[in-house]
Amino acid sequence: AEEASRATLEPPPQSVVPRSARPLEDRDGEWRISGVYKHQVLKAGLRRLDESWPALALLEFPQAGLMDVGRGLMRESLFREMLSGSLRLQSVPVNDVAAAQRDLERLSLRQLLRLRD
């Protein structure tokens, strides 16, 4: 019984500590994370935001009406595939990427963040 209680009080070995557990430091009232790059933290934060937002509006795009010529997306199908995860930017031909650049202005913040990931 004594060994069982001692085993639960000891910290787990380093190999068992999850990668998400990073050393925190308190420097003059500011919390700092060490051992991780800034871009890794930003990417983790963007993924966390993306997971917490509802997925309903992710594939909704501005539609061109009769009087709104030019308000819709020229490459909607390309963005739909990239946002759904069935197509990666690296596999898109350069000409299609160039043609889709004007559509970036019409995407929502969430759509842009998802594409960045």
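The values are calculated or read from the model by the stated rules, or taken from the named source; none is laboratory data. What you see is a predicted model; the values in this text were computed from it and never measured. Backbone-built Cβ (ideal geometry, glycine too); neighbour counts: all protein chains shown. In case anyone asks, the SASA skips ligands and DNA or RNA and just uses the protein heavy atoms, side chains included. Shrake-Rupley method; radii C 1.70, N 1.55, O 1.52, S 1.80 Å.
Quick rundown of the values:
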read-out: Sites SER91 and ARG32 - FRET efficiency at Förster radius 25 Å, r taken between beta-carbons, to 0.05; value: 0.05
read-out: Solvent-accessible area of GLU81 with every protein chain in place, 1.4 Å probe, in Å² to the nearest 10; value: 80
